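Worksheet: the structure to be examined is printed underneath.
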Amino acid sequence: MVEGKKSNIKLTLLLICLVIYTVTNIYDKVNMFMLIILAVIVGFGIYYIVEFVFNQVEKYQKK
């Protein structure tokens with residue numbers, strides 16, 4: 001159940017990033033190499049932030 005929630009949150013955050021990417025026309029302002037680097041950084045950020053938040057929630061619920 002928790003893994004499903006994590007996946008849904010990660011997907012939602014990814015979609016928000018894609019909307020921001022499209023609305024701001026970042027692809028017209030930055031070259032492709034920088035966009036790939038930015039996507040990797042954002043992907044890792046989303047993954048680790050969601051994992052951190054869920055670990056903190058689990059610790060809080062166990063108290």
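The numbers here are math on the coordinates, done by the rules we state, and not lab data. What you see is a predicted model; the values in this text were computed from it and never measured. Here the Cβ is made from the backbone with ideal geometry for all residues, glycine too, and neighbour counts use every protein chain on show.
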Kindly provide the set of residues from the stretch 24-63 that are closer than 27 Å to residue 5 by Cβ and either surrounded by fewer than 10 Cβ atoms within 10 Å (Cβ to Cβ) or among the acidic types (Asp, Glu) (or both), ordered by number. 51, 58, 59, 60, 61, 62, 63
Which residue pairs have Cβ atoms under 8 Å apart, sit 6 or more places apart or on different chains, and have a first residue in the stretch 44-56 that is more than 19 Å from residue 17 (Cα to Cα) and a second that is among the aliphatic types (A, V, I, L, M)? 54/2
Please specify each residue of the stretch 1-21 satisfying the condition of being surrounded by 14 or more Cβ atoms within 10 Å (Cβ to Cβ), under 15 Å from residue 54 (Cβ atoms) and hydrophobic (A, V, I, L, M, F, W, C). 9, 13
Within the stretch 1-19, work out how many residues are among the small types (Gly, Ala, Ser) and over 30 Å from residue 58 (Cα atoms). 0
So, of the residues in the stretch 20-44 that are closer than 30 Å to residue 58 by Cβ and either assigned to a loop (DSSP other than H, G, I, E, B) or aliphatic (A, V, I, L, M) (or both), which turns out to be nearest to the chain's Cα centre (by Cα)? 42
